[in-house]
Amino acid sequence: MYENILRHPGPTPIPKKVQLAMNRDIFSHRSAEFVELYRETVELVKPIFGTKQDILLLPSGGTAALEAAAVNTVSAGEHVVVVTVGAFGDYFISICEKYGFNVHKLEKEWGQACTANELRDFLQPLKDIKAVFITYNETSTGILNPIAELAQVVREETAALCIVDGVSCIGGATAEMDAWGVDILVTGSQKAMMLPPGLSLVSISERAWQIIEENKTPSYYLNLLSYRSWAEKGMTPNTPTITLIYGLHEVCKLIEQEGGFDTTVARHELMKNMVRNAMKALNIDLLTDDEYASPTITAIMAPKGIDLNDFLTHLKQHYHLDFAGGLGHLQGKIFRFGHMGYCFPSDVLQAVSLMEAALQDFSYDFEPGAGVRAAHEVFLSAQRKQLQR
């Protein structure tokens with residue numbers, strides 16, 4: 001049996017060291033051993049978020065953490081803004097509408113980012129906005145919104161909280177939660193954090209905690225005040241995902257071994273450029289422009305003259321290369337190349353090479369080897385710059 005080459009935007013491959021860490025003997029989540037593990041892990045994660053605030057660990061998928069961010073800060077009837085540039089921005093809309101919030105939607109065409117000027121123009125006529133919800137990295141389109149600029153606009157134009165979904169990029173993209181003025185930042189385990197699904201991470205500003213303390217919307221399992229109270233004791237209010245926290249601790253150690261988080265971010269930027277240059281060399285269009293391209297996921301248009309579903313099926317069956325298809329109205333029009341977490345330039349070169357083999361099977365008109373050469377040139381250029389430092 002051949003091993004599947006998973007190049008998805010989540011779940012993503014898991015390092016062997018992380019798998020081994022998660023295989024350690026289990027212990028009670030009310031034990032001194034767990035308290036030590038919890039506190040050490042939370043401290044190790046803080047630089048990845050760019051914060052001095054505590055990181056809360058929820059035994060949930062990322063969507064539950066997004067819901068927690070909403071239900072703990074806003075009450076029914078209050079006004080919120082949701083910036084949506086794709087399917088996961090629409091998640092925020094659905095959550096907010098479910099709880100009866102008065103939702104103002106800033107909707108962009110899928111494949112485009114929201115700019116600071118667009119957000120400013122949208123916010124200026126509005127009154128009494130309680131929170132602005134923004135997706136940092138839109139998984140469905142491969143867009144990285146300029147969160148630093150958008151958070152600044154939120155602060156300048158409103159008294160609202162800035163709540164950010166970082167599920168598909170935290171761990172692979174720069175995050176400076178405190179410096180940027182982000183009030184709540186959320187991510188999940190199964191993407192750039194190199195873990196299986198089932199753990200979400202939430203960091204909350206002092207300003208947001210004041211709002212949460214005054215909020216009247218009831219919640220039990222997702223009650224962030226309860227998580228904060230238990231975190232002071234080095235525990236969680238409900239049974240935690242102990243094995244995933246073991247794994248998260250090891251992930252942070254691997255990032256340190258790589259050279260620190262800045263090195264990890266640089267690797268993701270390099271892989272992004274390798275993928276994009278390879279596709280351009282193969283005359284395959286990209287959904288997004290370079291300015292706002294995601295460092296963790298690239299949305300690629302169907303090669304001209306090829307049925308995309310047939311192509312993706314062929315890639316998986318014959319070359320064991322597994323890409324993700326498009327979502328919503330982009331289904332059948334794009335595929336998504338994940339290059340996050342436990343993924344390296346050699347993995348990109350492998351995937352591009354296998355893509356070229358499949359393209360030849362479909363009689364696609366291109367110069368064989370062009371994509372691999374383009375990606376390799378990007379990699380070599382980065383290596384030369386590194387050696388010159």
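The values are calculated or read from the model by the stated rules, or taken from the named source; none is laboratory data. As the structure is a computational prediction, the values presented were derived from the model and not from experiment. Neighbour counts run over all protein chains shown; Cβ positions are idealised from the backbone, glycine included. For the accessible areas, the whole protein counts, side chains as well, though only heavy atoms, and no ligand, DNA or RNA atoms are used. Shrake-Rupley method; radii C 1.70, N 1.55, O 1.52, S 1.80 Å.
Might you tell me the accessible area per residue for segment 246-389, computed with a 1.4 Å probe and given in Å²?
Details: 6530 Å² over 144 residues.
So segment 246-389 comes to 45 Å² accessible per residue, rounded to a whole number.
Take the alpha carbon gyration tensor of segment 1-127, find the square roots of its eigenvalues, order them as a ≥ b ≥ c, and report rounded if a/c is under 1.5; if not, report prolate when a/b exceeds b/c, else oblate. Present the calculation step by step, with values, prior to reporting the outcome.
Working: a/c = 2.41, a/b = 1.64, b/c = 1.47.
Verdict is prolate for segment 1-127.
Mind listing the long-range amide H neighbours of L161? Cut-off is under 5 Å, sequence gap 5 or more, other chains count too, H placed in the peptide plane at 1.01 Å from N.
A131, V132
Are there DSSP H segments in the chain that both extend 20 Å or more along their axis (alpha-carbon positions) and score a mean Kyte-Doolittle hydropathy of at least -1.0? List them, or say none. It would help to have the intermediate numbers written out before the result.
Details: long enough: 32-49 (26 Å, 0.34); 242-258 (24 Å, 0.48); 261-281 (30 Å, -0.44); 345-361 (24 Å, 0.38); 370-388 (27 Å, -0.28).
Span-like helices, by this rule, are 32-49, 242-258, 261-281, 345-361, 370-388.
Can you send over the solvent-accessible area of K316, 1.4 Å probe, protein chains only, in Å² to the nearest 10?
100 Å²
Scan the chain and hand back the longest stretch that contains none of the chymotrypsin sites (Phe, Trp or Tyr not before Pro) lying in DSSP loops with at most 11 other Cβ atoms within 10 Å. Provide the component values of the computation, followed by the final result.
Details: sites that count: Y2, Y220.
Excluding the exposed sites themselves, the longest stretch runs over 3-219.
Taking all protein chains in place and a 1.4 Å probe, what share, in percent, of the accessible surface of the chain do carbon and sulfur account for? Write down the numbers at each step before the final one.
Details: 7980 of 16330 Å².
Whole-percent figure for carbon plus sulfur exposure: 49.
How would you classify segment 109-266 from its alpha-carbon gyration tensor, with a ≥ b ≥ c the square roots of the eigenvalues: rounded for a/c under 1.5, else prolate if a/b is greater than b/c, otherwise oblate?
Values: a/c = 2.07, a/b = 1.21, b/c = 1.71.
Taking the square roots of the gyration eigenvalues as a ≥ b ≥ c, segment 109-266 is oblate.
Which GluC sites (Glu not before Pro) does segment 156-252 hold that lie in a coil by DSSP with at most 15 other beta carbons within 10 Å? Please list the in-between numbers first.
On the way: sites: E156, E157, E176, E206, E213, E214, E232, E250; in loops: E176, E232.
Taking segment 156-252 and a limit of 15 other Cβ atoms within 10 Å, the loop GluC sites (Glu not before Pro) found are E176, E232.
Given R₀ = 35 Å, FRET efficiency for N223-E269 by Cβ-Cβ distance, to 0.05?
Values: r = 38 Å, r/R0 = 1.08.
After rounding to 0.05, the efficiency reads 0.40.
Can you bin segment 293-389 into rounded, prolate or oblate? Criterion: square roots of the alpha carbon gyration tensor eigenvalues sorted a ≥ b ≥ c, rounded for a/c under 1.5, prolate for a/b above b/c, oblate for the rest. Don't skip to the answer; put the middle values down first.
On the way: a/c = 2.15, a/b = 1.54, b/c = 1.39.
Judged from the Cα gyration tensor, segment 293-389 comes out prolate (a/c at least 1.5, a/b above b/c).
Taking the Cα centre of the chain as origin, work out the dipole magnitude from +1 charges on Lys and Arg Cβ and -1 charges on Asp and Glu Cβ, in debye rounded to 20. Could the numbers behind the result be given before it?
Values: 33 positive and 46 negative charges, 112 e Å.
Here the chain has a charge dipole of around 540 debye.
Can you tell me what share of the DSSP beta bridges in the chain is antiparallel? A percent to the nearest 5 is fine.
Numbers: 20 of 43 bridges.
Expressed as a percentage, antiparallel bridges in the chain total about 45.
Report the per residue volume, in Å³, of the convex hull enclosing the C-alpha atoms of segment 1-76. Walk me through the numbers on the way to the answer.
Values: hull volume 13.8 nm³, N = 76.
Value for segment 1-76: 182 Å³ per residue.
What nm distance separates the two modelled labels at D290 and E258, each placed 7 Å from Cα along Cα→Cβ?
For D290 paired with E258, the spin-label model returns 2.3 nm.
Loop only by DSSP, 14 or fewer other Cβ within 10 Å of the Cβ. Give me the trypsin sites (Lys or Arg not before Pro) in segment 211-288 that pass, ordered by residue number. Please list the in-between numbers first.
Working: sites: K216, R228, K233, K253, R267, K272, R276, K280; in loops: K216, K233.
Those satisfying the criteria are K216, K233.
Calculate how large, on average over all directions, the projected area of the Cα convex hull of the chain is; give the answer in nm² to one decimal. Provide the component values of the computation, followed by the final result.
On the way: hull surface 78.4 nm².
Averaged projected area of the chain's Cα convex hull equals 19.6 nm².
Fully extended, how many nm does the chain gain between K333 and E367 (0.36 nm per residue separation, minus their Cα-Cα distance)? Working shown, then result.
On the way: separation 34, 0.36 × 34 = 12.24 nm, distance 2.31 nm.
Additional length available on full extension: 9.9 nm.
Which listed residue (H376, P196, T135) has the Cα farthest towards the positive end of the charge dipole for the chain, taking +1 on Lys and Arg C-beta and -1 on Asp and Glu C-beta about the Cα centre?
P196
Hey, which lysines would be in cross-link range of K253, C-alpha to C-alpha under 22 Å, not counting anything within fewer than 8 residues on its own chain?
K16, K17, K46, K52, K191
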